[in-house]
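The values are calculated or read from the model by the stated rules, or taken from the named source; none is laboratory data. Worth saying up front: this structure is predicted, and the values here are computed from it rather than measured. Here the Cβ is made from the backbone with ideal geometry for all residues, glycine too, and neighbour counts use every protein chain on show. The protein model used for the area step is the full one, side chains on, heavy atoms only, and it has no ligands, DNA or RNA in it. Shrake-Rupley method; radii C 1.70, N 1.55, O 1.52, S 1.80 Å.
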Amino acid sequence: MIVVPRARSGARLDRFLAEETGVSRSELQRWIAAGRVKVDGAPREASGRVKEGETVAVEPMAPPTTEAKAEEGIAFEVMHVDEAVVVVNKPAGLVVHPAKGHATGTLVNGLLARGYFAAGEEEHERPGIVHRLDKGTSGVMVVARTPQAREALVAQFRAHTIERAYRAVVAGVAKDATHATLHGRHPRDRLRFTTRVATGRRAVTHVRVLEALGAATLVECTLETGRTHQIRVHLAESGTPVLGDPLYGKPPRDPLLRAEADRLGHQALHARVLGFVHPTSGATERYVAEPPADFDRLLAALRERAHA
C-alpha cells in the first residue's frame, strides 16, 4: 500500500507509481489496464489523478515473455561467468536489450546465442537484465543467469548498494562536485530527462576531476543512485556536457574538440567499475574494465594539444 503524500497530490497515477516504485511507466500501464492497481479500492485509469491521503494498492503481474532470438556474431567481452551471473564489458554502439527500433542485434540476443540463461530466465521479457548502459556508453555490466539471481541483484540496485564508477571526458572546465537533485522526464522532450522538475526521484552523482585537458576535462563519476541518463544530465546541466553526447550536448565551438567528438562518434562515457554482492555466494565482487581504444585515442589527442 502506498499513501499519496501532499507533495504528489494531482499527479498522474502512472507517473506517481513510477517515481514511488521504480517500475517503468509502460509496465505500470499494463498493470493498470489489467485492473491490478486500485486507488482506495477502486480501479483508475493511468491518466487519472491521485489525491493526498488516497491509498494505492499494486498487485504486480508477471512480465511478458521475451520475443528475442539467439543471434551469433554479436561482439562483447565476457569478464566473468559462473552459475548465477555473467559480467560483460559492453562496447559502445551495442544496445542492451530489444526495444522499439532495435528488435535484433542486442546484447541479450548475443547472450541467448551463448546459452547463458537457465530455464525460467530465458523467457523473461528482458532476460538477465538488471541494469543497463546507454547504447553509446561502454563498460562493465552484470547480467543474471537465473530468476533468483535477477531478484537478488535487482534488490541491490534498488537499495543503491552497488558500486559504480564511470570515466567521462567533458567539454569545458569541470570542478569537483556532488550533484544531489531531483530527476524526471523533461516536460517538453520525452526522450530526455532533467533535474529541473518540481517533483521527481532523488539522484546523486559525485564528480571528481582527474585531468585538465585544456578545453576539456577527464572526470570520474561515482553514483549513489542510478537514474536513466543520470550522469549525462548532471554533467550537461552543470555546464560541462559529456563530449559527443548527441542528446544532452551540442557541437563544441573549439574546432579540435568538435573534430575529436565527431571522430569518436558517441558520448565519451565509460562504466569502469562495478561492485556488488554475489547473489549466491554472498561474496563482494568488484570488476574493472579500462576504457576502450577509442576513448584512449581521444585522451591522447587532447593531451597532445593541451601540452603543446
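So what's the stretch 169-304 giving for Rg/Rh, alpha carbon basis, Kirkwood Rh from the mean inverse pair distance? It would help to have the intermediate numbers written out before the result.
Numbers: Rg = 15.9 Å, Rh = 16.0 Å.
When Rh is taken as the Kirkwood radius, the ratio is 1.00.
How high is the relative contact order of the stretch 72-177, given as a whole-number percent (alpha carbon pairs under 8 Å, six or more residues apart)? Spell out each step's value before the answer.
Working: 156 pairs, mean separation 28.2, N = 106.
In percent, rounded to a whole number, it is 27.
With a 1.4 Å probe and all protein chains left in place, how much accessible area per residue does the stretch 166-308 have, in Å²? The partial results should precede the final answer.
Details: 6950 Å² over 143 residues.
So the stretch 166-308 comes to 49 Å² accessible per residue, rounded to a whole number.
Apply the Karplus parameterisation 6.51 cos²θ - 1.76 cosθ + 1.60, with θ equal to phi minus 60°, to every residue of the stretch 117-133 and state each ³J(HN,Hα) to the nearest whole Hz, in sequence, with x for glycine and proline.
In residue order, the calculated couplings are 9, 7, 4, x, 9, 5, 8, 4, 3, 10, x, x, 7, 10, 7, 8, 10 Hz.
May I ask you to derive the FRET efficiency for E237 and A306 from their Cβ-Cβ distance with R0 = 25 Å, giving the value to the nearest 0.05?
On the way: r = 25 Å, r/R0 = 1.01.
That pair, E237 with A306, gives E of 0.50.
Per 5 Å bin from zero, what fraction in whole % of the C-alpha pairs of the stretch 205-266 is there, up to the bin with the longest pair?
The calculated distribution, bin by bin, is 4, 18, 26, 26, 18, 6, 2, 0.
Enter the angle in degrees (range 0 to 90, nearest 10) between the Cα long axis of helix 293-307 and the first principal axis of the Cα atoms of the chain, meaning the one along which they spread out most.
The helix 293-307 is inclined about 50 degrees to the chain.
Taking the Cα centre of the chain as origin, work out the dipole magnitude from +1 charges on Lys and Arg Cβ and -1 charges on Asp and Glu Cβ, in debye rounded to 20. Could you put the intermediate results ahead of the total?
Numbers: 43 positive and 37 negative charges, 249 e Å.
That gives a dipole near 1200 debye.
Would you kindly state how much longer the chain becomes between R188 and A212 on full extension, computed as 0.36 nm times their sequence separation minus their alpha carbon distance, in nm to one decimal? Show your work: numbers first, answer last.
Working: separation 24, 0.36 × 24 = 8.64 nm, distance 3.45 nm.
Contour length minus Cα-Cα distance gives 5.2 nm.
Over all distinct Cα pairs, what is the inverse of the mean 1/r for the stretch 1-160, reported as the Kirkwood hydrodynamic radius in Å?
On the way: mean 1/r = 0.0580 Å⁻¹.
Computed over Cα pairs of the stretch 1-160, the Kirkwood hydrodynamic radius comes out at 17.3 Å.
Leaving out ligands, DNA and RNA, and with a 1.4 Å probe, what % of the accessible surface on the chain is carbon or sulfur? Don't skip to the end; give the middle numbers.
Numbers: 7440 of 14910 Å².
Taking all protein chains in place, the chain shows 50 percent carbon and sulfur surface.
Kirkwood hydrodynamic radius (Cα pairs, Å) of the stretch 104-168?
On the way: mean 1/r = 0.0781 Å⁻¹.
12.8 Å is the Kirkwood radius here.
When the convex hull of the C-alpha atoms of the chain is computed, what volume per residue in Å³ does it have? It would help to have the intermediate numbers written out before the result.
Values: hull volume 42.2 nm³, N = 308.
Each residue corresponds to 137 Å³ of Cα convex hull volume.
Using Cα pairs under 8 angstrom and six or more residues apart, how large is the relative contact order of the chain, in percent? Walk me through the numbers before you get to the answer.
Numbers: 636 pairs, mean separation 43.1, N = 308.
Relative contact order here is 14 percent.
Which semi-axis lengths, in whole Å and largest first, follow from the square roots of five times the eigenvalues of the Cα gyration tensor of the stretch 111-254? Please list the in-between numbers first.
Working: eigenvalues 187, 59, 45 Å².
For the stretch 111-254, the semi-axes come out at 31, 17, 15 Å.
Mean-square fluctuation check for the chain, GNM, Cα pairs under 10 Å: which of L191, L182, L256 is largest?
For the chain, modelled as a Gaussian network with Cα springs under 10 Å, the answer is L191.
Given 0.36 nm per residue, what is the gain on full extension from H160 to R253 after removing their alpha carbon distance, in nm?
My answer for the length gained is 29.7 nm.
Rolling a 1.4 Å sphere over the protein heavy atoms, what is the accessible area per residue of the stretch 60-153, to the nearest Å²? Mind dumping the intermediate values first?
Numbers: 4130 Å² over 94 residues.
With all protein chains present, the stretch 60-153 gives 44 Å² per residue.
If you look for lysine pairs in the chain that are eight or more places apart or on different chains, how many of them have Cα atoms under 29 Å apart?
Here the count comes out as 13.
Of K250, K38, K100, which has the most accessible area and how do the rest follow, probe 1.4 Å?
Numbers: K250 170, K38 90, K100 205 Å².
If we order K250, K38, K100 from most to least accessible, we get K100, K250, K38.
Suppose the chain between M1 and V78 were pulled fully straight at 0.36 nm per residue; how much longer would it get relative to their current alpha carbon spacing?
Numbers: separation 77, 0.36 × 77 = 27.72 nm, distance 4.08 nm.
The M1-V78 span can extend by a further 23.6 nm.
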